[in-house]
1. Which entry in (i) 0.98; (ii) 1.02; (iii) 0.94 matches Rg/Rh (Cα atoms, Kirkwood Rh) derived from the coordinates of this structure?
2. Give me the percent of DSSP beta bridges within the chain that run antiparallel, rounded to the nearest 5.
3. Quick check for you: with a 1.4 Å probe and neighbouring chains kept, what is the accessible area per residue of the chain, in Å²?
4. Any idea what % of Cα-Cα pairs in the range 5-70 are farther than 20 Å?
5. Ignoring ligands, DNA and RNA, how do Arg246, Arg200 rank by accessible area with a 1.4 Å probe, largest first?
6. Of all accessible surface on the chain at a 1.4 Å probe, what whole percent is carbon and sulfur?
7. Could you work out the percent of alpha carbon pairs in the range 1-120 separated by over 22 Å, rounded to a whole number?
8. Relative contact order for the range 17-67: what is it in percent, counting Cα pairs under 8 Å that are at least 6 residues apart?
Amino acid sequence: MDVDLRKLRYFVAVAEHLHFGRAADALHIAQPVLSRQIRALERELNVSLFDRNRRSTSLTEAGEQLLADARPLLAGAEALRRRVAEAADGKRTFTIGFMPGLIVTSAVRTLLARHPQLDVKVLRTSWDDQTDVIHDGRADVSYVRLPVDARGLGMRPLVTEPRVVVLPADHRLAGKESIAISDLADEHLLQDPDAVPEWRDIATELRTGTRVPQPRVRTVEEKLEHVAAGRGVVVLPLSTATFYTRPDIIHAAVRDLGPNHVCLAWDASRRSRLVQDFVAIAQEQSARPANASDGSG
């Protein structure tokens, strides 16, 4: 049986919104059309994908499994579309994703020196999409900061760098050269607690159940605005914190906080000479002391 990618896209939209009306709005189609397509997909798969009643919509176990499988399948289809379109245009392009605080200029120059006819582009990524850009074809390689979901990816470790806590300039801990993670136990973290397990394991607001759900803060700039306003603290790689220096916040070393690991990632299923050339370039340059000191790739 062939699975219709359009129906899969419709399914993922409903699964992410858990609301047929909002999913239909996001897809710019009428809700009855969306409902018919989901019922048709359920018939084709001979399973029920959603538990629906008047008040809520939730995924069944089959729906959970389909969501896990559909996302990489749709991303792969999008990557295929992008690469075929580029080939049809006669362009040889190579796109490099990178996280804030990482400098990729030297690697780009080296790649261009070896492949002067190549159109090399760079793409700034975030914690939310640093591996998505590989799966959906927006980037051929991406400098990523761990942890990431490494399924389907080739990974090459490059550098490590310290992590620091970013605080308001008038914070009680401001001015200290270094602090302990225990000093932050009573602070509110403006990140997913799992991103900083050292804090998660001692956090007062988690232990007492007083952590208030917060709107998701996606970009570094947004996080730093919240820090400056005194709404919480963030933990960042040192190069990111120094890149975003501003007068109303400071950063401090945390003695018992593990380092951040920077890797180069690519689609493990691709057999591309250019990708392998760039992996070698990135690894060569990561061994240089200047790169290791500033956290660049």
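1. Checking each listed value against the structure points to (ii).
2. Beta bridges within the chain, antiparallel portion: roughly 70 percent.
3. Dividing the accessible area of the chain by its residue count gives 54 Å².
4. Across the range 5-70, Cα pairs with separations above 20 Å total 15 percent.
5. So the residues, ranked largest to smallest area, are Arg200, Arg246.
6. Within the chain, the accessible surface is 51 percent carbon and sulfur.
7. So the portion of pairs separated by more than 22 Å is 52 percent.
8. Taking the mean separation of contacting Cα pairs over the length of the range 17-67, I get 29 percent.
The values are calculated or read from the model by the stated rules, or taken from the named source; none is laboratory data. No experiment lies behind these values; they were computed from the predicted model shown. Cβ coordinates were reconstructed from backbone atoms using ideal geometry, including for glycine residues, and neighbour counts include every protein chain displayed. In case anyone asks, the SASA skips ligands and DNA or RNA and just uses the protein heavy atoms, side chains included. Shrake-Rupley method; radii C 1.70, N 1.55, O 1.52, S 1.80 Å.
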